[in-house]
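The values are calculated or read from the model by the stated rules, or taken from the named source; none is laboratory data. On a predicted model such as this, the values are computed, not experimentally measured, just so you know. In this analysis, Cβ positions are derived from the backbone assuming ideal geometry, glycine residues included, and neighbour counts consider all displayed protein chains.
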Amino acid sequence: MINLLNAEFYKLRKSKAIYIGILTASILALLLYGSLLLVDKINQGEIGNGTAGVTVSQVGEGVDDGGAPGSMMEEIGIVGVLQQMFGGHFVGIIAAVLVSIFVIREFATGAIKNLVGKGYTRTAIFFAKMVPVVVLMLVFEAVVAIVTICMGLPFMGWEGFLATDWGDVAAYTGFQFLFGVVVAVIYMLVGELTRNLAAGISVSIGVLLFSTTLTAGLDLVFHGMGFQPSKYWVLDLMSSCPTTDFPSEFTLRGVLVSAVWFVAAAALGALHFTKADVK
Amino acid sequence: MDYALRTDGITKIYGKHTVVDHVSMHVKKGDIYGFIGKNGAGKTTFMRIVAGLAVPAAGSMELFGSGDLERQRQRLGTLIEQPGLYGTMTARDNLEVVRRSLGIARKQAVDEMLEFVGLSQAGEKKVKNFSLGMKQRLGIGIALFRSPDFLILDEPINGLDPEGIKEVRDLLSKLNKEKQITILISSHILGELSKIATKYGIIKEGALIEEFAAEELKSRCKRCVKLVVDDAQRAVTILEEKCHILQYDVPKEGVIRVFDGLDHPWVINRELVEGGIQLKESYLAGQDLEGSFMDLLGGAPND
């Protein structure tokens, strides 16, 4: 198992796609701050909305360029930007691509044949792949969080930066790390089941974008019974995670739901890998 | 007898289609076993089962006389279908991944293997820029990395130029002779296979129809008079009684191959016609290897 992990982490280090993905997410964070700055400039009347054909709107409504006193950047704060990054699918979509590439290329290239039947159990091979996937997700989220926080300083200024509630930032980021790891293992399960790069990426992004719509539908179906399925789906927890005043009920539910989905996805993936032929 | 591989009734079914049908193969230690069959005959699937990549629906298997396959498979080196390579990595990195996964401590092993398969100059080149032949050689390098006792190679010379084919053939011969590595190899290039194989197995529609030694193949390829007649049984009686010919065989109904009396074939023809045999064809044939395989496979190879 140690040898397998050694090889997997070597592959991870050598994967250019990983570095490109992390860089892309970092640039997205920068762009997000840029958008907020633009909104603030319009709000403060420094730039007219619609100048050079650029119109900024917020949730379908035009941004007031009449010189509103408030700053959206300050209102949202660093934790709000983190929420946009993690809860708004930016991180999820890039992670879906990265995990799919890392997992499915073994099947796409046939390199998995260099491991299967070489004295290791298939379960060991699967879990040796899962460990770097989890580490990849944590590193990816950590870089995104660090970049987002650091970018806050030039965009918000020293005063705004210091006004941040770092406890909230730490708690929110911690939750996102937890949910992110579970989502990465779900992506890995999708990759193992599809074993096709295009299908794996598509299905993973589909799960990310549309599963919460499905759970919302289920919430309606079970409304009369007082049961809310979305409370037990990790992607719903990811997007609805509070950014302040974290209720203990959410913390407990978050940890339990994450544990259940983590174990379920890992067990299903390992079971399929153990039973299915390698082509 | 010492077998590197012995299977008994190995069967693989995909849906309603039996891809490998009760194959009982015997590969002795030290053999270079040529595994021959048309496309879709079941060669690759059978090799994948032996390598542990696919699970058989029925049958049993022993590697080196042991049923502990997981353990014995550590003694295998495999190259099945295309080599499993990471195109965006260099050749050196590809081998480094294998070195680490196999737990080989010596870092120099990577350079030694690159040298061994003739890729030392291309070690820093990305594999996606390799020619097919270079990829095959790197694939063979990966298969050889843990000094296996038994190599399983599926079409290893596919796509290689004549020089590359010769290199691979020489390499395999060397490994077999110097390191006593047993080799199970499939190929469509029968002429090349015949230069190294010591034993053959013919698979047709999933079933292993025949296993025979290289010497037997040579005897099958002897020069002969090939006769196509309406009644082979009566014709054979005439050959024995009138022409005193005892060296012949009947490879299939209505076809006789006569290995004796080749200097006066008209005598054979005359006696058969006078004996009331309808002689449809009579010609001198020096059956080559491909012809012999085609007889067994029942059609053009690789069709």
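Values for this structure:
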item	result
Residue selected from region B:96-119 under the condition among the charged types (D, E, K, R) and farther than 25 Å from residue B:173 by Cβ, by the criterion surrounded by the most Cβ atoms within 10 Å (Cβ to Cβ)	B:99
Only one of A:244, A:212 that is free of Cβ contacts under 8 Å to residues at least 60 places away in the same chain and either part of a helix (DSSP H, G or I) or more than 20 Å from residue A:126 (Cα to Cα) (or both)	A:212
Filtered residues of region B:95-116 (kept if in contact with a Lys or Arg (Cβ under 8 Å, 6 or more places away or on another chain) and touching a residue at least 40 places away in the same chain (Cβ under 8 Å))	B:99, B:102, B:104
Among the residues listed as B:123, B:65, B:139, the single one being of a type outside the set (Asp, Glu), in contact with a strand residue (DSSP E or B) (Cβ under 8 Å, 6 or more places away or on another chain), buried (at least 20 other Cβ atoms within 10 Å of the Cβ) and farther than 19 Å from residue A:125 by Cβ	B:139
Filter result (buried (at least 22 other Cβ atoms within 10 Å of the Cβ) and out of contact with any Leu (no Cβ under 8 Å at 6 or more places or on another chain)) within region A:113-123	A:114
Residues within region B:76-124 that are more than 10 Å from chain A (Cβ to nearest Cβ) and either farther than 23 Å from residue A:2 by Cβ or not in a loop (DSSP other than H, G, I, E, B) (or both), tallied	20
Of all residues in region B:165-189 being part of a loop (DSSP other than H, G, I, E, B) and among the polar types (S, T, N, Q), the one that is modelled with the highest pLDDT	B:180
Selection within region B:148-194 - surrounded by fewer than 17 Cβ atoms within 10 Å (Cβ to Cβ) and either free of Cβ contacts under 8 Å to residues at least 40 places away in the same chain or of a type in the set (Ser, Thr, Tyr) (or both)	B:158, B:159, B:161, B:162, B:163, B:166, B:170, B:173, B:174, B:177, B:178, B:179
Single match in B:89, B:61 (criterion: touching a Ser or Thr at 6+ places or on another chain (Cβ under 6 Å) and modelled with pLDDT of 90 or more)	B:61
Verdict on residue A:103 being more than 14 Å from chain B (Cβ to nearest Cβ) and in contact (Cβ under 8 Å) with a residue 24 or more places away in the chain	no
Only one of B:27, B:23 that is among the β-branched types (Val, Ile, Thr), more than 10 Å from chain A (Cβ to nearest Cβ) and over 19 Å from residue B:156 (Cβ atoms)	B:23
Strands (runs of 3 or more DSSP E) wholly inside region B:1-50 containing at least 1 residues that are among the aromatic types (Phe, Trp, Tyr), under 20 Å from residue B:188 (Cα atoms) and in contact with a helix residue (DSSP H, G or I) (Cβ under 8 Å, 6 or more places away or on another chain)	B:32-36
Qualifying positions in region B:58-75 - of a type in the set (A, V, I, L, M, F, W, C) and either within 7 Å of chain A (Cβ to nearest Cβ) or on the phi > 0 side of the Ramachandran plot (or both)	B:64
